[in-house]
Amino acid sequence: MLSFEPSRAELVLTASAAEPVTFERVTVGGPYPHGLDVSGPLPDGFDWRSQQSMRISVASDSDGWGTSTDLAPVIRDSGQHPVDTYWFQDVGWLDPAEVAAQDGKTFLATCTDPRVKTSSR
């Protein structure tokens, strides 16, 4: 689920298969990764760039977790970074190698396997 503030708009994507869905990114407005269905759409005409913050929530049968981020740096600075670079609140912009090196040390990425999160606490 992606929840936006201050509008309180939510996008809910649900895995359509019994097998885990693997993806690196979600584009607000689609197309959505194979295996994810829209079970709660954003309102018509919704523009995430008009929002102050976003929360990503990931849930499974046995666990759930999430993280929030201010959208101002994403909106302002995305064009200055390669498309494979990701924004982490309170950490900054990281490329895939930096994410792999810091995940579990500097921060826990939202989509890190929950068993890693449990053992890292």
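Inspect the stretch 110-121 for any residue being open to solvent by 50 Å² or more (accessible area, probe 1.4 Å), of a type outside the set (K, R) and modelled with pLDDT of 80 or more and give the result as yes or no.
Within the stretch 110-121, the subset open to solvent by 50 Å² or more (accessible area, probe 1.4 Å) is 111, 113, 115-116, 118-121.
Now drop any that are not of a type outside the set (K, R), which leaves 111, 113, 116, 118-120.
Still in the list and also modelled with pLDDT of 80 or more: none.
No - not one qualifying residue is present in the stretch 110-121.
All but one of (1) under 16 Å from the mean Cα position of the chain (by Cα); (2) modelled with pLDDT of 95 or more hold for P6; state the number of the condition that does not hold.
Looking at each condition in turn, P6 falls short on (1).
What are the residue pairs meeting all of these: first residue in the stretch 34-54, first residue more than 26 Å from V21 (Cα to Cα), second residue aliphatic (A, V, I, L, M) and in a loop (DSSP other than H, G, I, E, B), Cβ atoms under 6 Å, and 6 or more apart or on different chains?
From the stretch 34-54, the pairs are Q51/L71.
What are the residues in the stretch 1-15 that are open to solvent by less than 70 Å² (accessible area, probe 1.4 Å) and in contact with a strand residue (DSSP E or B) (Cβ under 8 Å, 6 or more places away or on another chain), if any?
Taking the stretch 1-15 and keeping what is open to solvent by less than 70 Å² (accessible area, probe 1.4 Å), we get 2-4, 7, 9, 11-15.
Residues satisfying the conditions are L2, S3, F4, A9, L11, V12, L13, T14, A15.
Whether any residue in the stretch 96-108 is open to solvent by 60 Å² or more (accessible area, probe 1.4 Å), of a type in the set (D, E, K, R) and either modelled with pLDDT of 85 or more or in contact with a Cys (Cβ under 9 Å, 6 or more places away or on another chain) (or both) is what I want to check.
yes
The values are calculated or read from the model by the stated rules, or taken from the named source; none is laboratory data. These numbers come from a predicted model, not from an experiment. Backbone-built Cβ (ideal geometry, glycine too); neighbour counts: all protein chains shown. The area values use the complete protein model at the heavy-atom level, side chains included, leaving out ligands, DNA and RNA. Shrake-Rupley method; radii C 1.70, N 1.55, O 1.52, S 1.80 Å.
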